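The structure appears right after this line, and notes come after that.
The values are calculated or read from the model by the stated rules, or taken from the named source; none is laboratory data. Everything numeric here is computed off the predicted structure, so don't read it as measured data. Neighbour counts are summed over all protein chains in view; Cβ atoms, including those assigned to glycine, are modelled from backbone coordinates with ideal geometry. Ligands, DNA and RNA are excluded from the accessible area calculation, which covers all protein heavy atoms including side chains. Shrake-Rupley method; radii C 1.70, N 1.55, O 1.52, S 1.80 Å.
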Amino acid sequence: MPRHVTHVPLRWADMDAYGHVNNVVYLRYLQEARVDMLFIHAPKQGAEQLAEGVVVARHEISYHAPLHYRAEPVRVETWVRRVGNSSFDLGYEVLDVDGDGGRTVYAVASTVLVPYDLEDAHPRRVAHEERLVLESFLELDGPEPGKAAA
């Protein structure tokens with residue numbers, strides 16, 4: 001299955017006193033990748049609400065290697081782990097891919113998202129059109145935070 005790829009710029013302020021990207025900054029990287037994915041794909045397939053209203057219910061991140069500040073952006077691959085009736089899970093890898101296809105994975109993460117009606121201020125169910133968009137990125141066997149790579 002395809003993954004959505006976002007190249008997220010690093011900022012000098014992302015670096016902590018240890019000389020690598022601070023762990024809390026990874027949440028921003030995940031947000032930038034998630035917003036990029038949903039804003040690009042949902043409107044193209046008639047699922048605009050997916051881009052306009054979701055809230056984060058949970059994050060989980062496993063850190064694998066330190067990411068040091070540099071001018072080049074970092075690659076974030078995003079896919080869908082699960083689609084339920086009223087929530088869905090996204091998976092992420094924050095990584096670099098070298099010219100030979102080798103992958104340096106800095107972090108693996110997961111986010112539980114809930115569709116949200118911003119006008120009426122309450123959670124809502126995943127609509128049929130949204131489910132179609134999400135299922136087009138479904139990858140059930142992708143890496144998971146907290147689990148060793150196979």
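Compared with the dominant principal axis of the Cα atoms in the chain, helix 25-44 is inclined by about 40°.
Which order do the peptides 22-34, 106-118 come out in when sorted by mean C-beta neighbours inside 10 angstrom, highest first? Intermediate values should be presented prior to the final figure.
On the way: 22-34: 17.3, 106-118: 19.1.
So the peptides 22-34, 106-118, ranked by packing, come out 106-118, 22-34.
For residue 74, the amide hydrogen comes within under 5 Å of the amide hydrogens of 8, 10, counting only partners 5 or more places away or on other chains and with H modelled in the peptide plane.
Taking the DSSP bridge list for segment 76-150 and keeping only pairs wholly inside it, about 95 percent are antiparallel. How large, in percent, is the carbon and sulfur part of the accessible surface of segment 1-53 at a probe radius of 1.4 Å? Ligands and nucleic acids excluded, carbon and sulfur reach 59 percent. Rounded to the nearest whole Hz, the Karplus-based 3J(HN,Hα) values (6.51 cos²θ - 1.76 cosθ + 1.60, θ = phi - 60°) of segment 74-81 follow the sequence 9, 8, 10, 9, 10, 8, 9, 8, with x at glycine and proline. Each residue of segment 123-137 is assigned a 3J(HN,Hα), and the resulting list reads x, 9, 7, 6, 6, 4, 4, 5, 4, 5, 4, 5, 5, 5, 10 Hz, derived from the Karplus form 6.51 cos²θ - 1.76 cosθ + 1.60 (θ = phi - 60°), x at Gly and Pro. Placing +1 on the Cβ of every Lys and Arg and -1 on the Cβ of every Asp and Glu, with no other charges, gives the chain a dipole of roughly 180 debye about its Cα centre. Bridges between two residues of the chain, per DSSP, are antiparallel at a rate of about 95%.
With the other protein chains left in place, how much accessible area per residue, in square angstrom, belongs to segment 4-136 at a 1.4 angstrom probe?
Numbers: 6740 Å² over 133 residues.
Heavy-atom SASA per residue in segment 4-136 reads 51 Å².
Summary of packing: across the peptides 4-16, 46-58, 81-93, the per-residue average of other C-beta atoms within 10 Å ranks them, highest first, as 81-93, 46-58, 4-16.
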